[in-house]
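Participant: The structure under discussion is supplied below as structure tokens; questions concerning it will follow.
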Amino acid sequence: MSNIIHRSLRQTPPIATHASGITVFDNAGNAYLDASGGAAVSSLGHGHPDVIAAMHRQIDRCAYAHTAFFTTEVAEELAQTLVAKAPAGIQGVYLVSGGSEAMETALKLARQYFAEAGETGRSLFIARRQSYHGNTLGALAVGGNEWRRKPFAPLLMEVPRVSPCYEYRDRREGQSVDAYTACLLDELETAIIKAGPEKVIGFVAEPVVGATGGAIPPTPGYFKGVRAICDRYGILFIADEVMCGMGRTGTLFAVEQEGVAPDIITVAKGLGGGYQPIGAVLAQGAIVDRLRHGSGAFLHGHTYIGHPVAAAAALAVQQVIERDNLLEQVQRRGATLKRMLGDVFGKHPHVGDIRGRGLFLGIELVQDRATKAPFAPERKLHAAIKNEAMARGLMVYPMGGTIDGQRGDHILLAPPFIVSAGE
Ligand code: PLP
């Protein structure tokens, strides 16, 4: 019996012994094709020599320096690199250890931004129902994954919730995409007015929904509308790109494809590509300036913020993406994979939708294609598919989207950007 508290306390997973390229091997000699990058993490695959060399160099120079005493060249360079590539106006970077920490940090930064201006009555975040923002208490509170939230509900702050942008399920027969989008934006505006705009800090959303829906892209103009509404009511737009960011959708930031600049963006997973635990919060210059000229400090901090080895790994990942033109490869390979999925599963009686952007693709499973009726949640079809795929040497990321209960099973594919056409 393992002493680790594993995700399942009834089943110990196979022991991964080594990994290379897009394959992970276990101690029983099985090989698994990593078609999900873990959970959309391994952007450069496994064992990338340039990332490993960069980490070695940094460990030799300085493995750790507490941020109460020092900054490091590598953390500064990573922040500069991210700012140079980020949407307009992003100036500040806060380096953390993962996605939930990034979201927690983003929520507090947004709150302090208003508190510095004396707007201490602002305490509400508005979020979407079908969403996942992490497992720490603040991130869990804004997330809409009811299954994960339920046991902890009494510990979570109140979060008004609006509908996700989920065209496949929610656009009515005969309703145009524009009309559907307008309805969603009306709903958001109504929620802000109902909550009282002077009480709202921000609106939180994943540009392309990951873990609760299988790569659900927004409708055209949805995020432009969100940006306009947030501006109208003076609230912040916080984009959670923990899963969909860092090149996964074919652009470094998923919101680039929406033509909007959020006030705050969180990234993690693909930032370090799995080589080190790292996440980041990117903030508009106006937010950082208000704190700089106000209290002079962000009232936050963890022991491992700005970790130099994590920063070295992330910087190397970014440099490889640029040097090897991998964003273009993500677009190309993503289009190929989507076409192949369509060829193989497009007419499958239990595949309702194949969607996504770049190498971030989702397959939605249905009992009936015509009615879009999902399978009964008790069947846990997504988990069964994950297990069956593992038994056949394939890693896919399964999920049961949860909104007002269960809304169907999804399979997420997010292979490393270096995947070859043959693989
Ligand atoms: N936000 C999104 C969109 C995510 O998909 C995740 C993780 O899946 C998180 C936040 C939390 O990140 P982490 O698991 O690194 O804490």
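Participant: I want to confirm something. Restricting to the range 312-354 and keeping residues that are of a type in the set (A, V, I, L, M) and touching a Lys or Arg at 6+ places or on another chain (Cβ under 8 Å), which single residue is surrounded by the most Cβ atoms within 10 Å (Cβ to Cβ)? Steps first, please.
Facilitator: Initial filter on the range 312-354 (of a type in the set (A, V, I, L, M)): 312-317, 320-321, 326-327, 330, 335, 337, 340-341, 344, 351, 354.
Cutting the leftovers down to touching a Lys or Arg at 6+ places or on another chain (Cβ under 8 Å) gives us 312, 330, 351, 354.
On the way: Ala312: 31, Val330: 26, Val351: 18, Ile354: 23.
For the range 312-354, the residue satisfying everything is Ala312.
Participant: Also, I was wondering about something else. Scan the range 72-115 for residues that are closer than 16 Å to Ala311 by Cβ, touching a Leu at 6+ places or on another chain (Cβ under 8 Å) and either of a type outside the set (A, V, I, L, M) or within 16 Å of the ligand (Cβ to nearest atom) (or both) and jot them down.
Facilitator: Within the range 72-115, Glu77, Thr81, Lys85, Gly92, Tyr94, Leu95 meet the criteria.
Participant: Please go through the range 116-158 and pick out each residue that is part of a loop (DSSP other than H, G, I, E, B), in contact with a helix residue (DSSP H, G or I) (Cβ under 9 Å, 6 or more places away or on another chain) and small (Gly, Ala, Ser).
Facilitator: Of everything in the range 116-158, those that are part of a loop (DSSP other than H, G, I, E, B), in contact with a helix residue (DSSP H, G or I) (Cβ under 9 Å, 6 or more places away or on another chain) and small (Gly, Ala, Ser) turn out to be Ala117, Gly121, Ser123, Ser131, Gly134, Gly143.
Participant: Here's something else I'd like to know. If you scan the range 121-161, which residues turn out to be surrounded by 18 or more Cβ atoms within 10 Å (Cβ to Cβ), among the polar types (S, T, N, Q) and within 11 Å of the ligand (Cβ to nearest atom)?
Facilitator: Hits for the range 121-161 are Ser131, Asn145.
Participant: Within the range 1-36, track down each residue that is in contact with a His (Cβ under 7 Å, 6 or more places away or on another chain) and part of a loop (DSSP other than H, G, I, E, B).
Facilitator: Result: Thr12, Pro13.
Participant: Quick check on my filter: what residues within the range 68-89 are not in a helix (DSSP H, G or I) and not hydroxyl-bearing (Ser, Thr, Tyr)?
Facilitator: Applying the first criterion (not in a helix (DSSP H, G or I)) to the range 68-89 yields 68-72, 86-89.
Once the filter is applied, which keeps residues that are not in a helix (DSSP H, G or I) and not hydroxyl-bearing (Ser, Thr, Tyr), the range 68-89 yields Ala68, Phe69, Phe70, Ala86, Pro87, Ala88, Gly89.
Participant: Next up: Considering Gly274, Gly270, Gly296, Gly306, which residue is within 14 Å of the ligand (Cβ to nearest atom) and assigned to a loop (DSSP other than H, G, I, E, B)? Please lay out each step first, then the result.
Facilitator: Numbers: Gly270 fails: assigned to a loop (DSSP other than H, G, I, E, B); Gly296 fails: within 14 Å of the ligand (Cβ to nearest atom); Gly306 fails: within 14 Å of the ligand (Cβ to nearest atom).
When all the criteria are applied, what remains is Gly274.
Participant: Let me ask another. Go through the range 211-252 and give me each residue that's touching a Cys at 6+ places or on another chain (Cβ under 6 Å) and within 16 Å of the ligand (Cβ to nearest atom).
Facilitator: Pro218, Phe237
Participant: Which pairs turn up if I take residues in the range 342-360 that are over 19 Å from Val41 (Cα atoms) and look for partners that are surrounded by 12 or more Cβ atoms within 10 Å (Cβ to Cβ) and acidic (Asp, Glu) with beta carbon separation below 7 Å, at least 6 apart in sequence or on another chain?
Facilitator: What qualifies is Gly352/Glu364; Asp353/Glu364.
Participant: Now a separate question. Within the range 193-208, how many residues turn out to be small (Gly, Ala, Ser) and assigned to a helix (DSSP H, G or I)? Please lay out each step first, then the result.
Facilitator: Quick first cut of the range 193-208, residues small (Gly, Ala, Ser) only: 195-196, 202, 205.
Filter again for assigned to a helix (DSSP H, G or I), leaving 195.
The total comes to 1.
Participant: Restricting the range 112-137 to residues that are modelled with pLDDT of 95 or more and basic (Lys, Arg), which is nearest to Arg149 (Cα to Cα)?
Facilitator: Once the filter is applied, the top-ranked residue is Arg128.
Participant: Please verify whether Cys165 is free of Cβ contacts under 8 Å to residues at least 12 places away in the same chain, of a type in the set (A, V, I, L, M, F, W, C) and more than 14 Å from the ligand (Cβ to nearest atom), treating the condition exactly as stated. Full working, then the answer.
Facilitator: Values: free of Cβ contacts under 8 Å to residues at least 12 places away in the same chain: no; of a type in the set (A, V, I, L, M, F, W, C): yes; more than 14 Å from the ligand (Cβ to nearest atom): yes.
The answer is no for Cys165.
Participant: Another question, then. Just to be sure I understand the filter: pairs with C-beta atoms under 6 Å, separated by 6 or more residues or on different chains, first member in the range 50-71 and within 23 Å of Gly21 (Cβ to Cβ), second member among the aromatic types (Phe, Trp, Tyr) and assigned to a loop (DSSP other than H, G, I, E, B). Which pairs pass?
Facilitator: From residues that are within 23 Å of Gly21 (Cβ to Cβ), the pairs are Val51/Tyr275.
Every residue, every condition in (1) surrounded by 14 or more Cβ atoms within 10 Å (Cβ to Cβ); (2) closer than 22 Å to Ala117 by Cβ; (3) of a type in the set (Ser, Thr, Tyr), yes or no:
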position	(1), (2), (3)
Ile287	yes, yes, no
Gly294	yes, yes, no
His300	yes, yes, no
Tyr304	yes, no, yes
His307	yes, no, no
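The values are calculated or read from the model by the stated rules, or taken from the named source; none is laboratory data. As the structure is a prediction and not an experimental result, all values here were calculated from the model. Counting neighbours? That spans all protein chains shown, and the Cβs are built from the backbone with ideal geometry, glycine included.
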